[in-house]
Amino acid sequence: MNFRVRAATKEDCKDISRMIMELAVYEQMPDQVEISHKELERDGFCQNPFFQCLVAEVSEEQKSKEGFTVVGYALYFYTYSTWRGRSVYLEDLYVMPEFRGNGIGKGLLCKVAEVGKKEECVRLQLSVLDWNTPSRDFYAAKGAQDLTVSEGWHFIRFDGQNLDNLANEAPKD
């Protein structure tokens, strides 16, 4: 199957938003999605973007049953390790089910790695749900290490009222 991976544009945000919801349904968390294409446009295509995104696109002749030509995406951003330096974090990697098995996911992942290397990143990090064996196997086959097993790291989050409470306890200027 012929496809190309390119940098997302503001015009791709509706397709990206659609696929974010498809991924959330797959991950059994559709009620967790609170953003739309408008937030993606605002946050990814401003002077200091919060994220970068690549999309996978097929030709009109190969479009999806629903008529989509943008069939996958990889959304990532840069982080910093105080031990190792520049890093890239892959928030989402998604390919529509009917297009899986054609190298699109690998193409997106490899392109994120290439972009990270050009920016002198020393590692690519991501998280995968424990039950998502196909994705865990995919990343392991490419050489990824499961740090939960090897180093015992836990992924911690503050959000909602807990984030508000924490922010309200910040020392005053």
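Since every read-out is calculated from the coordinates, none of them should be taken as a lab result. Just so it is clear, the model here is predicted, and its values are computed rather than measured. We place every Cβ from the backbone using ideal geometry, glycine too, and count neighbours over all the protein chains shown.
Using the Cβ-Cβ distance between LYS172 and GLN32 with R0 set to 30 Å, the FRET efficiency works out to roughly 0.35.
Highest GNM mean-square fluctuation among LEU23, LEU75, LEU163, for the chain modelled with Cα contacts below 10 Å: LEU163. On the principal axes of its alpha carbon atoms, region 85-173 extends 53, 32, 29 Å, with the longest extent given first. Put a plus charge on the Cβ of each Lys and Arg, a minus charge on the Cβ of each Asp and Glu, and nothing anywhere else: the dipole of the chain about its Cα centre is then about 680 debye.
A straight chain from SER81 to PHE51 at 0.36 nm per residue would run longer than the Cα-Cα distance by 9.1 nm. Relative contact order of the chain, taken over Cα pairs closer than 8 Å and 6 or more residues apart, is 17 percent. Taking every DSSP helix (H) stretch of at least 4 residues in the chain, weighting each as -39,500 (n - 2.57) and dividing the sum by the residue count yields a mean residue ellipticity at 222 nm of -10000 deg cm²/dmol. With 26 Å as the limit on Cα-Cα distance, the pairs of LYS117/LYS142; LYS38/LYS118; LYS10/LYS172; LYS65/LYS106 that go past it are LYS38/LYS118; LYS10/LYS172. Springs join every pair of Cα atoms under 10 Å in this Gaussian network model of the chain, and among GLU27, GLU91, GLU151 the largest mean-square fluctuation is at GLU151. Result for the chain in a Gaussian network model with C-alpha springs under 10 Å: among GLN47, GLN62, GLN125, the largest mean-square fluctuation is at GLN47. For region 1-37 versus region 79-134, the spacing of their alpha-carbon centroids is 15 Å. For the pair GLU39 and LYS14 in one chain, pulling the backbone fully straight at 0.36 nm per residue adds 8.0 nm over the alpha carbon distance.
Listed values for region 2-13 are Karplus-derived 3J(HN,Hα) couplings in whole Hz (6.51 cos²θ - 1.76 cosθ + 1.60, θ = phi - 60°), namely 8, 8, 10, 10, 9, 5, 5, 10, 4, 5, 7, 4, and x replaces Gly and Pro.
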